[in-house]
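Below you'll find the structure, written out as structure tokens, and then a few comments.
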Amino acid sequence: MDNTFYIETWGCQMNDLDTQRISGQLKLRGYRRVENPSDASLLMLNTCSIREKSEHKVFTRLGQLRTEKARGARIGVSGCVAQQEGEAIIKRAPYVDFVIGPGSIGYLDEALEGRQRVVIGFPEDRRYDFLSLDRPSATRAQITVVEGCNKNCTFCIVPTTRGREVSRTFASVLEEAAHAVSSGRVELELLGQTVNAYRCPAGGQDFADLLGAVAVIPGVRRVRFMTSHPAEMSARLIDVMREQPTVSRYLHLPVQSGSSAVLRRMKRLYTRERYLEIIASIRSSIPGMQFSTDVIVGFPGETDADFQQTLSLMATVRFGSLFAFKYSPRPGTAALRLGAPVSDAVASDRLAQVFALQESVQQEILQGYTGKTVEVMHEGFSKHDPSILTGRTDDNWTVNYSGDPSTPPGTMLPVRIAEARHYTLRGEA
Ligand code: 5AD
């Protein structure tokens, strides 16, 4: 059997990037990527453990892929479930050949060559080789600037699964960014679990410095970053966002709850009032800024009054998009000591209310674009209809449009918006 691999990715952008790293390393070793598990000699699941549901899915999926073992294929598990469960994965699913955590991707050989079956350390030397990344997009590159997280939000498993914060050096990020741009990736996305906590271990530069430097790399057309923590939104960072035309007018700023009492129990390090102040100061500084957020409902002790505050915060801010989740108790997190989560029925009801409110706000925001001409970075063809072109605006809306199919990806196009769809805009280049 020649060496082929199949990989499934769940979870956040960091996991997407880990897949790009794993894939790149495997290709360097002569593996070819396939899209069908039954064609692969190595099957990898790159897993997520942010909520219990994501974790359950892993074992269900492993059970399905197990049949591939009969013809001699190997199975590997990476990502946050790998880190969290380690050896326990092999106990529960002994047919899994190896387990490799997010801190050890640079040590994939240990697992591939059978020297270690469970590789889940956070070695001092994280061995990050950007030259071997297998980037899936011709126009966009994701670049890790800081790994891990030092915030200790009481609900969150990330500090356990991805370790303490480790920032890359300023010089290495800039080198990777320049290299990505030279290969046509004119849109850069700087990534970190708390990206704006970045601090160069060599020169002490912070995220505002880094963003400012990346934004002016010759050839860069657009720079985004994800995920920002509200407590790390400095005035200097907002200045850089305003001053650099390549920095996207879109910010993902997870709020989690609109109630200061809940935020305190979550250890989010800001109040409702402070969050609203940050949004207002960014909006007054940068007109047209679009925000997205994450919300958790049903956190232990969340009363109906607390929940109403979340709805009212949403109505005040008017997020362009929003991701909402029912609280899910995670092993080893401090929130486990805060008492029982609210009942599942109540949490489901609250979740539905969040979605309903968001849906109507989002429709109004999208309707506001009709008749206007927006600048779109052309990305390619729509997945659903290859006769339609697709791209995104500076403020991160997906736009589908008719136009010249020979337009090179990465081109900036004026598109007249004819219609607002459910989550996207529709127009003509
Ligand atoms: N339960 C529910 N949602 C969670 N998130 C993180 N941990 C949990 C949890 N234990 C959500 C947060 C975070 C997003 C990535 O996932 O909203 O911002």
message = I need the phi-derived Karplus couplings for the range 189-204: 6.51 cos²θ - 1.76 cosθ + 1.60, θ = phi - 60°, integer Hz, Gly and Pro marked x.
response = 10, 7, 10, x, 4, 10, 4, 7, 8, 3, 8, 4, x, 9, x, x
request  = Mind running the shape call on the range 92-195? Use the C-alpha gyration tensor, a ≥ b ≥ c as the square roots of the eigenvalues: rounded below 1.5 for a/c, prolate if a/b tops b/c, oblate otherwise.
outcome  = oblate
task = Could you work out the Rg to Rh ratio of the range 277-429, with Rh taken as the Kirkwood radius (inverse of the mean 1/r over all Cα pairs)?
result = 1.09
Antiparallel bridges, percent of DSSP beta bridges restricted to the chain (to nearest 5) = 30 percent
query = Got a sec? Charge dipole of the chain, +1 on Cβ for Lys and Arg, -1 for Asp and Glu; which of Leu65, Thr411, Gly203 is way out at the positive end?
reply = Leu65
ask   = So, with a 1.4 angstrom probe, what is the percent of accessible area on the chain that is carbon and sulfur?
value = 52 percent
Estimated dipole of the range 186-261 in Debye, rounded to 20 [Cβ of Lys and Arg +1, of Asp and Glu -1, Cα centre] = 160 debye
task = Classify the range 1-109 as rounded, prolate or oblate, taking a ≥ b ≥ c as the square roots of the eigenvalues of its Cα gyration tensor: rounded when a/c is under 1.5, otherwise prolate if a/b is larger than b/c and oblate if not.
result = oblate
request  = Set the Förster radius R0 to 30 Å, insert the Cβ-Cβ distance between Arg117 and Arg337 as r into 1/(1 + (r/R0)^6), and round the FRET efficiency to 0.05.
outcome  = 0.35
The range 186-235 versus the range 398-421: alpha-carbon centroid distance in Å = 28 Å
key: Accessible area (Å², 1.4 Å probe, nearest 10) - Cys48   = 20 Å²
ask   = Which number do you get for Rg(Cα) / (2.2 N^0.38 Å) in the range 309-367?
value = 1.36
task = Determine Rg/Rh for the range 390-429; Rg is computed over alpha-carbon atoms and Rh is the Kirkwood hydrodynamic estimate from the same atoms.
result = 0.93
task = Would you mind listing how long the chain runs along its three principal axes, going by Cα atoms, in whole Å with the largest first?
result = 58, 57, 47
key: Principal axis dimensions, the range 29-86 - Cα atoms, whole angstrom, descending   = 32, 25, 20
task = Give, rounded to the nearest 20 debye, the magnitude of the charge dipole that the chain has about its Cα centre when Lys and Arg contribute +1 at Cβ and Asp and Glu contribute -1 at Cβ.
result = 600 debye
query = Tyr128 to Glu52: extension gain in nm, 0.36 nm per residue of separation minus the Cα-Cα distance?
reply = 24.4 nm
request  = State the Kirkwood hydrodynamic radius of the range 175-332 in Å, one decimal place, computed from all pairs of distinct Cα atoms.
outcome  = 16.8 Å
request  = Could you rank the peptides 50-56, 93-99 by their average count of other C-beta atoms within 10 Å per residue, with the highest value first?
outcome  = 93-99, 50-56
task = Name the residue farthest towards the positive end of the dipole of the chain from the options Ser402, Asn152, Phe381, assuming +1 on Cβ of Lys and Arg, -1 on Cβ of Asp and Glu, about the Cα centre.
result = Asn152
message = Please give the charge dipole size of the range 314-422, origin at the Cα centre, charges +1 on K and R Cβ atoms and -1 on D and E Cβ atoms. Round to the nearest 20 debye.
response = 440 debye
inquiry  = Accessible area per residue for the range 1-150 in Å², computed with a 1.4 Å probe and the full protein assembly in place, what is it?
reply    = 42 Å²
request  = Could you calculate the contour length gain from Tyr423 to Ala231, that is, 0.36 nm times the residue separation minus the distance between their Cα atoms, to one decimal place in nm?
outcome  = 66.2 nm
Extension reserve of the Arg199-Ala88 stretch, reckoned as 0.36 nm per residue once the Cα distance is removed = 36.5 nm
inquiry  = Taking loop as defined by DSSP and a crowding limit of 15 other beta carbons within 10 Å, which trypsin sites (Lys or Arg not before Pro) in the range 142-186 fit?
reply    = Arg164
inquiry  = I need two numbers for the range 364-414: Rg to one decimal and Dmax as a whole number, Cα atoms only, in Å.
reply    = 10.8, 33
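The values are calculated or read from the model by the stated rules, or taken from the named source; none is laboratory data. Nothing here was measured: the structure is a model prediction, and the numbers come from that model. Here the Cβ is made from the backbone with ideal geometry for all residues, glycine too, and neighbour counts use every protein chain on show. For the accessible areas, the whole protein counts, side chains as well, though only heavy atoms, and no ligand, DNA or RNA atoms are used. Shrake-Rupley method; radii C 1.70, N 1.55, O 1.52, S 1.80 Å.
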